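Comments concern the structure below.
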Amino acid sequence: MTEREIPEAYLEGCARILAEVSATGRRLTREEIESRRALGEQAAEAGHGLRALVGAHLAAARAAWPGAPGSVDTTLAALQQVVDAFAEGYERAQRLAVRQEEAARREFIDDLLYGRSDLGRLAERAERFGLRLSHAHAVAVAQGPTAYVEGDPVPRQVEHALITRFGNRNVLLTTKDGRLLCVAPGHEDEVLPYFAKQAHAATEGGRVAIGRPQPGPGGVVQSYEEALNALGMAERLGLDDPVLRAADLLVYPVLTRDRQAMADLVVNTLGPLTTARGGAQPLLDTLTAYFDSGCIAAEAARRLSLSVRAMTYRLDRIHQLTGANPADPAHRYKLQTAVIGARLLDWPAEEL
């Protein structure tokens, strides 16, 4: 924007104030300072650039200079006061606009992730933040050792990496409940894996879950919930993968869809382990390590820091108590399903 494009209204009274202040050597009155601030706020709200506005003030002062009474020093001091007050009002309006934008963005994100707003209205608001909710979207959630909020170094670092790599691809990066979130179009297959890599590194080894692409205005919240559930399951199951895909974990929601049936399976199959010395947990850990190691007793023993003989004894003890032999393929599926159910339902810590 050039100086000629700045409306004269934003310079109203400037020449008069300069003339009076430079002639008398007085400072600007409170009313004069407030009038400059008010004009600065109005100029900011109208979208004029501060650089052009300052230039317009300097040009106005230069035009009035030949007839301005007083010394050069007093005239420059008056001009400095005028510009300073004007810039203060401008910056105040800018800060208010930023706070309002941040509040609107946070409100939109909350409505988006909780599905509380009218979907049609939500889709309209989404375009302001670079999302087209008529398309499919997927959400990745990163959880680190500490809680994160927008403006923290970690979110800024991850956002910078994404912008550097992909530019503007209608990607929304934000925080929610102390976690980092990335919302990306469903067809952008590279964005969320790259976000996961950057977030894992920035959060010093945090875990990232990626939901499946879901269509429509409600797709974001569905994918977000999938990612959250994946994080929860990973914690309960003790999975150590740094990046989890909800699509790879679909078997677990299926297993727990009928919670009561799973609880019955756990209690009926593994309940006898509670009578063992030391309780059920050591033997449950034994089964977990055995199945995770591909049913190889030597590998399971190594994972538990046991001798192979001790491992074999524990497996025999499980067979005796439950009547199911972990080494027998006919019994293995039932036992392994019950073990997964126990981990998902936090048994035996939680009574079923």
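Summing +1 for each Lys or Arg and -1 for each Asp or Glu, what net charge is found among the other residues whose Cβ lies under 15 Å from the Cβ of residue 282? It would help to have the intermediate numbers written out before the result.
Details: positive: 277, 303, 314, 317, 343; negative: 285, 316.
Charge balance near residue 282 sits at +3.
If you line up the long axis of helix 30-45 against the longest principal axis of the chain, both from Cα atoms, how many degrees apart are they, to the nearest 10?
With rounding to tens, the tilt is 50 degrees.
Considering all projection directions equally, how large on average is the shadow of the alpha-carbon convex hull of the range 130-248, in square nanometres? Provide the component values of the computation, followed by the final result.
Numbers: hull surface 26.2 nm².
Directional mean of the projected Cα hull area for the range 130-248 stands at 6.6 nm².
So what does log10 I(q)/I(0) come out to for the range 254-344 at q = 0.26 Å⁻¹, using the Debye formula with one equal point on every Cα and no solvent?
The computed values of log10 I(q)/I(0) come out as -1.43.
Measuring from label point to label point, each 7 Å out along Cα→Cβ, what is the residue 84 to residue 72 span in nm?
Placing both labels 7 Å beyond Cα along the Cβ direction yields 2.1 nm.
Grab the other residues whose beta carbon is less than 14 angstrom from that of residue 94, score K and R as +1, D and E as -1, and report the net. It would help to have the intermediate numbers written out before the result.
Values: positive: 37, 51, 92, 95, 99; negative: 41, 45, 88, 91, 101, 102.
Neighbour charge sum, excluding residue 94 itself: -1.
Could you please report the charge total around residue 167, scoring K, R as +1 and D, E as -1 over all other residues with beta-carbon less than 13 angstrom from its beta-carbon? If you can, show how the numbers build up before the last one.
On the way: positive: 165, 169; negative: 159, 188, 190.
Local net charge: -1.
Between residue 58 and residue 258, with labels modelled 7 Å along Cα→Cβ, what's the label distance in nm to one decimal, could you check?
7.9
Mean residue ellipticity at 222 nm from the helices of the chain, using -39,500 (n - 2.57) per DSSP H segment of n ≥ 4 over the full residue count, to the nearest 500 deg cm²/dmol? Present the calculation step by step, with values, prior to reporting the outcome.
On the way: 14 runs with 208 residues, N = 352.
Per the formula, -19500 deg cm²/dmol.
Would you kindly state how much longer the chain becomes between residue 92 and residue 333 on full extension, computed as 0.36 nm times their sequence separation minus their alpha carbon distance, in nm to one decimal?
Gain in length upon complete extension: 80.1 nm.
Grab the eigenvalues of the alpha-carbon gyration tensor for the chain, scale each by 5, take roots, and send me the semi-axes largest first in whole angstrom.
The answer is 69, 20, 16 Å, longest axis first.
Measure off 7 Å from each Cα along the Cα-to-Cβ vector at residue 38 and residue 124, then give the distance between these two points in nanometres to one decimal.
3.4
Which ³J(HN,Hα) values, rounded to whole Hz and listed in residue order, are derived for the range 313-330 from phi using the Karplus coefficients 6.51, -1.76 and 1.60 in 6.51 cos²θ - 1.76 cosθ + 1.60 with θ = phi - 60°, glycine and proline given as x?
Once rounded to whole Hz, the list reads 4, 4, 5, 5, 5, 4, 4, 5, 6, 9, x, 10, 9, x, 7, 8, x, 5.
Round to a whole angstrom and tell me the spacing of the C-alpha centers of the range 303-352 and the range 11-33.
So the separation of the two Cα centres works out to 87 Å.
Suppose R0 equals 51 Å. What FRET efficiency, 1/(1 + (r/R0)^6) with r the Cβ-Cβ distance, do residue 156 and residue 291 give to the nearest 0.05?
After rounding, the FRET efficiency stands at 0.75.
Skipping prolines and chain starts, which residues have an amide H placed within reach, meaning under 5 Å, of the one on residue 244, given they are 5 or more residues away or on another chain?
208, 209, 210
Relative to the longest principal Cα axis of the chain, at what angle does helix 281-292 sit, 0 to 90 degrees, rounded to 10?
Long axis of 281-292 versus the principal axis of the chain: about 80 degrees.
Report the Cα centroid-to-centroid distance between the range 197-241 and the range 253-268 in angstrom, as an integer.
24
If you line up the long axis of helix 50-64 against the longest principal axis of the chain, both from Cα atoms, how many degrees apart are they, to the nearest 10?
10
Coordinate-derived values only; no laboratory data. Computed from a predicted structure; not experimentally measured. All Cβ positions, glycine included, derive from the backbone under ideal geometry; neighbour counts span all protein chains shown.
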